[in-house]
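Asker: Structure incoming, see below.
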Amino acid sequence: MSNWPPYFYQQGDLEADSALRDHIFEQFRKREQMNSSTSTATPARHELFEKRVAEVKSPKSDINAIILDYLTMEGYPHAAAKFSTEANLKPQQEDPSIKTRQEIQHAIHSGNVELAIAGLNELDPEILDKNPKLHFSLLRLQLVELIRKCNGGDIRPALEFATSKVGPRASTNEEFRKDLERAMSLLIFDHDSPTLRPELKALLSSDLRRATATKVNEAILARQDQRKEAAIRTLVRMRAWAEQSARAKRLPVPNPLDIELLEEDSADTNGHEPMITT
């Protein structure tokens, strides 16, 4: 596993959530290096910890299964198919099922929310019918995309969409109403202004697209009676809990014990659920 197949680094199929993927793979590399040799520069009080870590041998088959699960659950059909062949593993889902989720997520990541909603309704209309919060999140994102396009130009398309599609849903829900008002505030301010308020900048950030795509992916998986997230995310939460418990008991754990994930993955941004929770 020291040399990863080149298709992991190709753009397109793995473009979304690539930071998380790359950091996970980097952790696997570092773990293998730690298994092969133990650092002599470790302080004495941490030597036992480092020794026990080095003694834990993670079977390559287990690591391959975790990677395949991540690629499958996150909606990367081509990479999942190639990796399952490379690692001699049986695919976890049929390719059309993964491909449909990937197409919907790709539409959201590219800002084509209308296409994503159409794809969801074609896949299973009840996903949005039974999840009004998710439906509103998509409509608000679509409104934000319209406002982004008309920045400094014709605002009528955004106003018409807000009035006909988003407004009626916000009129009966206080949380929706506040979200709509915040989105409509983008019509007043220059999007490129350095003084733009943080809550408005957040609406224009790609993080909002990513958070919405994640929620949609989870909703599809739940509708198909499958797990809502990849196993690696559960393992990360378990690891965070274990570290917190060890520190609470004042065990000799190195500080810091970095998990090598980006800060944005462990912080709640724009309603994006934090990946690490304790």
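Asker: Whole-Hz Karplus ³J(HN,Hα) for region 101-118, in order, using 6.51 cos²θ - 1.76 cosθ + 1.60 and θ = phi - 60°, x for Gly and Pro?
Answerer: Computed from phi, the couplings for region 101-118 are 5, 5, 5, 5, 5, 4, 4, 5, 4, 8, x, 8, 6, 4, 5, 5, 5, 4 Hz.
Asker: Of H78, H135, which has the most accessible area and how do the rest follow, probe 1.4 Å?
Answerer: Order by accessible area, largest first: H78, H135.
Asker: A further question on this structure: Excluding G119 itself, calculate the net charge of residues whose Cβ lies under 12 Å from the Cβ of G119, where each Lys or Arg counts +1 and each Asp or Glu counts -1.
Answerer: Net charge in that neighbourhood comes out at -2.
Asker: For every other residue with a beta carbon closer than 15 angstrom to the beta carbon of A162, add +1 if it is Lys or Arg and -1 if Asp or Glu, then tell me the sum.
Answerer: +3
Asker: Here's a follow-up. Quick one: which residues, 5+ away or cross-chain, put their amide H under 5 Å from the amide H of E74? H built at 1.01 Å from N.
Answerer: none
Asker: What's the local net charge at S185, with K and R +1, D and E -1, over the other residues with C-beta under 14 Å away?
Answerer: +3
Asker: Compute, for region 176-235, the length of the dipole vector about the Cα centre, with Cβ point charges of +1 (Lys, Arg) and -1 (Asp, Glu) only. Units Debye, rounded to 20.
Answerer: 220 debye
Asker: Would you kindly derive the ³J(HN,Hα) couplings of region 165-180 from the backbone phi angles with the Karplus curve 6.51 cos²θ - 1.76 cosθ + 1.60 (θ = phi - 60°), listing them in order in whole Hz, with x for Gly and Pro?
Answerer: 10, 8, x, x, 6, 6, 5, 10, 9, 5, 5, 5, 4, 5, 5, 5
Asker: Do any trypsin sites (Lys or Arg not before Pro) in region 119-168 lie in a loop, going by DSSP, with at most 13 other beta-carbon atoms within 10 Å of their beta carbon, and if so which?
Answerer: When the trypsin sites (Lys or Arg not before Pro) of region 119-168 are filtered for loop state and at most 13 Cβ neighbours within 10 Å, K130 remain.
Asker: Another question, then. From the phi angles alone, apply the Karplus equation (6.51, -1.76, 1.60; θ = phi - 60°) to region 152-160 and give each ³J(HN,Hα) in whole Hz, x where the residue is Gly or Pro.
Answerer: Once θ is set to phi - 60°, the couplings for region 152-160 become x, x, 6, 9, 4, x, 5, 5, 5 Hz.
The values are calculated or read from the model by the stated rules, or taken from the named source; none is laboratory data. Computed from a predicted model, the values in this text were never measured in an experiment. For neighbour counting, all protein chains shown are included, and Cβ atoms are generated from backbone atoms with ideal geometry for every residue, glycine included. Calculation scope for accessible area: heavy atoms of the full protein, side chains included, ligands and nucleic acids excluded. Shrake-Rupley method; radii C 1.70, N 1.55, O 1.52, S 1.80 Å.
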